[in-house]
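Values in this text are rule-based calculations from the coordinates and carry no lab data. Since the model is a prediction, treat every value here as computed from it, not as a measurement. Glycine also receives a Cβ, built like all others from the backbone with ideal geometry; neighbour counts cover every protein chain displayed.
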Amino acid sequence: MKLLAVTNFQGTYRFLSNFSPSPISLAGLEFPTIEHAYQSAKTLDSAWRQFTDPQLTPGQAKRLGRSLVLRPDWEDVKLTVMEDLLRMKFKHPDLKQKLLNTGDALLIEGNNWGDTFWGAVDIEKDGSWTGENHLGRLLMKIRGELK
């Protein structure tokens, strides 16, 4: 049976989540997840970058990232930063194979917390997703390039 869509980055598909373990190096620092690295990339202040250290859970790093002084070009570069981090993550052979194993399935970072930039929300609970789904789109782009 062909997989048509992945709409929840949990369980079997947890590896697609930015919260899943995937060591990343950025600016000379090691981070245990994409979420940690992404939050640290939001600022040019080295003290804040160190603050989102690998001992924090991904959720803690995300919460702390909301209080950062954003770099002036953040809105212009955030998609490129995420794409670069995802490329690093999926260079790992096991993760690369898992991504490839999703075939041609639509990847939707479905959520119930209202993130319609990185993901999408099924407000009506009928499969009519609303959102830009940038994370899912970047994952599908990288998967296509890896094929």
> To the nearest 20 debye, what charge dipole does the stretch 1-107 have about its Cα centre, counting +1 at the Cβ of each Lys and Arg and -1 at the Cβ of each Asp and Glu?
Replying inline: 280 debye
> Got a sec to turn the phi values of the stretch 88-102 into Karplus ³J(HN,Hα) couplings, 6.51 cos²θ - 1.76 cosθ + 1.60 with θ = phi - 60°, whole Hz, x for Gly and Pro?
Replying inline: 4, 4, 8, 7, 5, x, 5, 5, 4, 5, 4, 5, 4, 5, 6
> Let a ≥ b ≥ c be the square roots of the eigenvalues of the Cα gyration tensor of the stretch 42-132; is it rounded (a/c under 1.5), or, if not, prolate (a/b larger than b/c) or oblate?
Replying inline: oblate
> Using a simple charge model, +1 on the beta-carbon of Lys and Arg, -1 on the beta-carbon of Asp and Glu, nothing else, what dipole does the stretch 85-145 show about its Cα centre, in debye to the nearest 20?
Replying inline: 480 debye
>> From the phi angles alone, apply the Karplus equation (6.51, -1.76, 1.60; θ = phi - 60°) to the stretch 133-141 and give each ³J(HN,Hα) in whole Hz, x where the residue is Gly or Pro.
In response: 6, 4, 5, x, 5, 5, 4, 5, 4
> Do you know the relative contact order of the chain, to the nearest whole percent, from alpha carbon pairs under 8 angstrom that are 6+ apart?
Replying inline: 22 percent
> Long-range amide H contacts for Leu106: which residues qualify at under 5 Å (H placed 1.01 Å from N, peptide plane, sequence gap of 5 or more or a different chain)?
Replying inline: Ala5, Val6
> Could you give the length gained on full extension between Glu132 and Arg14, defined as 0.36 nm per residue of separation minus the Cα-Cα distance, in nm?
Replying inline: 40.5 nm
> From the Cα gyration tensor of the stretch 1-97, with a ≥ b ≥ c the square roots of its eigenvalues, which class applies: rounded if a/c is under 1.5, or else prolate if a/b is larger than b/c, or else oblate?
Replying inline: prolate
